[in-house]
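Report on the structure given below.
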Amino acid sequence: MALAHLEFFSETLGMQSAIDVILPERARGQVGLAQGGIRPPYPVLYLLHGASDNHTCWQRFTSIERYAANKGLVIVMPDVQFSFYSDMKHGFKYFTYLADELPEIVKGYFPISDRREDTFAAGLSMGGYGAFKLGIRCPERFAAVASLSGSLNQRSRIATDSEMLGFSNPILQQMARLTFGTREEYDGSDNDLAHVLEQLLASGAKLPKFFQACGSADFNLAINHAFRDQFAGRADLTYVEAPNEGHEWRYWDAAIRDVLDWLPIRREL
């Protein structure tokens with residue numbers, strides 16, 4: 001696999017941004033790594049980081065490059081800071097950047113397919129929310145999306161002023177308020193994934209495949225149960241609950257291998 005680091009100016013954000021990209025190499029002689037047989041244009045996976053992380057963390061804390069070596073897959077890892085992959089109420093339009101601008105930038109530099117059946121998203125924690133948001137709000141563009149330990153409902157993170165006093169580290173709650181506004185503004189909005197999902201399920205629109213995984217010791221487990229139950233036979237959902245696993249990289253390093261094996265990657269493009 002090859003690893004590229006790209007820095008560029010984003011018109012949507014009005015500032016410099018960066019991505020890291022893992023992509024197949026044409027060379028076949030590297031010792032110790034299998035190589036995929038897919039020719040370009042390649043399918044693409046947008047792999048999203050969690051809160052307090054950045055675009056380098058998937059490479060630093062997992063073996064994602066090695067796991068993807070025989071998949072014939074381009075993996076794009078963007079940096080969205082602490083934005084919840086959203087168009088922030090008081091901040092930058094990160095969802096517009098991720099959903100609209102970034103795919104065009106990536107296609108301009110790398111040999112990726114722009115077909116729906118070749119486009120996927122996955123992420124952990126905040127990135128799981130971002131991946132499901134892409135699949136739920138842009139179902140016409142994504143064939144499959146995956147959430148690992150996803151913080152799929154942000155309402156509880158939007159604290160009132162009095163509630164903020166009870167947090168020993170209120171940064172997450174402060175960022176949620178900057179992103180979503182009040183709880184009343186969050187409820188029923190495009191950021192309320194349970195609400196948007198219900199509308200999508202009722203519409204009869206073509207849905208992507210969903211993969212949802214969470215550890216039984218994860219603090220996001222109840223939120224994941226609620227989403228699992230909302231799908232309840234109404235969509236193509238694979239749900240995996242790992243016994244005694246928490247919110248940690250050791251679990252995500254194993255779970256991302258399951259995601260890569262699950263992705264409906266076409267072997268002939």
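Remarks
- Residue that is surrounded by the most Cβ atoms within 10 Å (Cβ to Cβ), among those in the range 106-136 that are of a type in the set (Ser, Thr, Tyr) and closer than 17 Å to Gln154 by Cα: Tyr129
- Among (1) modelled with pLDDT of 95 or more; (2) hydroxyl-bearing (Ser, Thr, Tyr); (3) more than 20 Å from Glu117 (Cβ to Cβ) - the single one Tyr42 does not satisfy: (3)
- Among the candidates Asp229, Asp258, residue that is over 20 Å from the mean Cα position of the chain (by Cα), within 19 Å of Ser216 (Cβ to Cβ) and of a type in the set (D, E, K, R): Asp229
- Total residues in the range 58-81, condition surrounded by 20 or more Cβ atoms within 10 Å (Cβ to Cβ), within 14 Å of the chain's Cα centre (by Cα) and farther than 13 Å from Leu3 by Cα: 2
Per-residue answers, yes or no, for (1) over 19 Å from the mean Cα position of the chain (by Cα); (2) within 30 Å of Val74 (Cα to Cα); (3) at pLDDT 95 or above; (4) not charged (D, E, K, R):
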site	(1), (2), (3), (4)
Ala176	no, no, no, yes
Asp190	no, yes, yes, no
Ala202	yes, no, no, yes
Ala213	no, yes, yes, yes
Ser216	yes, no, yes, yes
Thr238	no, yes, yes, yes
Glu248	no, yes, yes, no
Asp253	no, yes, yes, no
Glu268	yes, yes, no, no
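- Extreme residue, modelled with the lowest pLDDT, among residues of the range 82-92 that are crowded, with 18+ Cβ neighbours inside 10 Å and out of contact with any Phe, Trp or Tyr (no Cβ under 9 Å at 6 or more places or on another chain): Phe82
- Unique match (being surrounded by fewer than 17 Cβ atoms within 10 Å (Cβ to Cβ), at pLDDT 95 or above and either closer than 19 Å to Ala122 by Cα or touching a Cys at 6+ places or on another chain (Cβ under 8 Å) (or both)) among His195, His225: His225
- Helices (runs of 4 or more DSSP H) (entirely within the range 178-266) containing at least 2 residues that are touching a residue at least 24 places away in the same chain (Cβ under 8 Å) and of a type outside the set (A, V, I, L, M): 183-186, 221-231, 249-262
The values are calculated or read from the model by the stated rules, or taken from the named source; none is laboratory data. What you are looking at is a predicted structure, and each value in this text was computed from that prediction instead of being measured. When we count neighbours, we look across all protein chains shown, and the Cβ atoms used for this are built from the backbone with ideal geometry, even at glycine.
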